[in-house]
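Single-structure report; data block below.
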Amino acid sequence: MKKYFNEGLLPDEYVEEGFRRLLEIRKGTIGEAFRKVAREMSVEYQENYYDYIYELEGYINEVLRERTSLDMTMAEVISKAVETYLMDVFYDNTYTFLENYLERMFLSHGYSQKEVDSMNMSTLFDLVDNRTSLFHIKKTAKRRWKDRFYSGF
């Protein structure tokens, strides 16, 4: 599996946990999966994020700028800032996530690690965005790999 890039505003363990959860999602679009996991994690670990207020200052300021009224608690502001940060990290790593997602899929379908390592995952899917369904990516990757495998590549 490829490593994910992040700016280090939160410890790697949170980012890795987010991507671990993303790899478990089977349905929906990439954007829906990203939003779901970012929301879950922004609430689930909310108390832990107070230790990172300084690092998240830019995101916190952005949340406060977007809100014209002060109807949010500090916990809600931090939660929204973390959600936004995680969404940025997820989008920055979209193709790395897809490569890891496909690697896991092929391994679960009985391919050996050696076969999976020989695949150039990035050639198995087209340009994607947050509206691309995970089902479409899996279907396209399977078809393209079969086409290459059976055509002698």
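In order along the range 47-56, the Karplus-derived 3J(HN,Hα) couplings, from 6.51 cos²θ - 1.76 cosθ + 1.60 at θ = phi - 60°, round to 5, 6, 6, 4, 5, 10, 4, 4, 5, 8 Hz, and Gly and Pro are given as x. Extension gain, Asp71 to Glu24: 0.36 nm times the residue separation minus the Cα-Cα distance gives 13.4 nm.
Over the chain, the fraction of Cα-Cα pairs per 10 Å bin, rounded to whole percents and listed from the shortest bin up, is 10, 36, 28, 16, 7, 2, 0. If only the Cβ of Lys and Arg carry +1 and only the Cβ of Asp and Glu carry -1, the dipole of the chain around its Cα centre is close to 1300 debye. Taking amide hydrogens as placed 1.01 Å from N in the peptide plane, the amide H of Thr132 sits under 5 Å from those of Ile30, Gly31, each at least 5 positions away in sequence or on another chain.
Packing order of peptides 126-137, 32-43, highest average first: 32-43, 126-137 (average count of other Cβ atoms within 10 Å over each peptide's residues). Quick check on my link table: of Lys2/Lys80; Lys80/Lys138; Lys3/Lys142; Lys3/Lys27; Lys80/Lys142, which ones sit more than 26 Å apart, alpha carbon to alpha carbon? Beyond 26 Å: Lys2/Lys80; Lys80/Lys138; Lys80/Lys142. Taking the helices alone, the chain has a mean residue ellipticity at 222 nm of -20000 deg cm²/dmol, built from -39,500 (n - 2.57) per DSSP H run of at least 4 residues and averaged over all its residues. Within the accessible area of the range 1-75, the carbon and sulfur atoms contribute 50%, probe 1.4 Å, all protein chains present. Comparing Ala38, Met119, Thr132 along the charge dipole axis of the chain, the residue lying farthest to the positive side is Met119, per the Cβ-charge model.
Given a 1.4 Å probe and every protein chain left where it sits, what share in percent of the accessible area of the range 82-131 is carbon and sulfur? Whole-percent figure for carbon plus sulfur exposure: 49.
Heavy-atom accessible surface of the chain, averaged per residue, reaches 60 Å², computed with a 1.4 Å probe.
The values are calculated or read from the model by the stated rules, or taken from the named source; none is laboratory data. What you are looking at is a predicted structure, and each value in this text was computed from that prediction instead of being measured. Cβ: placed from backbone, ideal geometry, glycine included. Neighbour counts: every protein chain shown. With ligands, DNA and RNA removed, areas are computed over all heavy atoms of the protein, side chains included. Shrake-Rupley method; radii C 1.70, N 1.55, O 1.52, S 1.80 Å.
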